[in-house]
1. At positive phi and either loosely packed, with under 12 Cβ neighbours inside 10 Å or in a helix (DSSP H, G or I) (or both): which single residue out of Gly66, Gly32, Gly59, Gly70 fits that description?
2. Can you give me the number of residues within segment 61-90 that are in contact with a Ser or Thr (Cβ under 6 Å, 6 or more places away or on another chain) and over 18 Å from Leu160 (Cα atoms)?
3. Of the conditions (1) at pLDDT below 90; (2) assigned to a helix (DSSP H, G or I), Ile44 satisfies every one except a single condition; which number is it?
4. Output the number of residues of segment 35-47 satisfying the condition of being of a type in the set (S, T, N, Q) and open to solvent by 60 Å² or more (accessible area, probe 1.4 Å).
5. For segment 130-150, give me each residue that is of a type in the set (Phe, Trp, Tyr) and open to solvent by less than 20 Å² (accessible area, probe 1.4 Å).
Amino acid sequence: MKTQQHWYHNLWLWSVIYFSLGFVNILFALLGLISFCLPLLFAIFGGNKLFCNRYCDRGQLLRFFGSQLGFSRRHDIPQWMHSNGFRLGFMIFFFAMFGGILYTSWMVYLETASLKEVITLFWCIEFPWSWAATTLVSPAVAQFAFGLYSLMLTSEFIALAAMFYYRPRTWCAFCPMGTLTQSICKRKLPTQR
């Protein structure tokens, strides 16, 4: 039985566009802030996870490749992967890495560190990005763009690996933004009655 195709099912294209543009010019990596802000806005003002369930470009990408194209092996997700402890720990780790990006960018802003034009995958594998056009912005903004692109690319690889082995949207079970928005929604729920 074929499910109905909605316009938001095509939002997976945003992920492809985002990573393609960031590859061409690192400053496009700043568009990744949309992926940080929109889920929070939906949770804060809507009190729901509508963004995660419907409009998340990564979730739609995983649905497209895993369900529609059949690239998922569809193994059951281990219980520990969607346990509260793992989800909370992964969210803290993820935001600690984001804090590291902010700290490094601040050090570049203060000129106590110099701009490092590299993309870092899995927080340890560095790829030089020698073609990056960073002259249009301050070195601190460029440093932030490199860090954000690294974080987004690393999390994309983690999401794809989980999709290939487990169910298509396994990433959604422990997504840091999903965990954060869920806790916001739980806190807002009593006040909406």
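1. Unique residue meeting the criteria: Gly70.
2. Going through segment 61-90, the residues in contact with a Ser or Thr (Cβ under 6 Å, 6 or more places away or on another chain) turn out to be 61, 66, 77, 87.
Those left that are additionally over 18 Å from Leu160 (Cα atoms): none.
Residues meeting the conditions: 0.
3. (1)
4. 0
5. Phe146, Tyr149
The values are calculated or read from the model by the stated rules, or taken from the named source; none is laboratory data. Since we're looking at a predicted model, the values are computed, not measured. Because the Cβ atoms are built from the backbone with ideal geometry, glycine has one as well, and the counts that use them run over all protein chains shown. These accessible areas exclude ligands, DNA and RNA; they are computed on the full protein's heavy atoms, side chains included. Shrake-Rupley method; radii C 1.70, N 1.55, O 1.52, S 1.80 Å.
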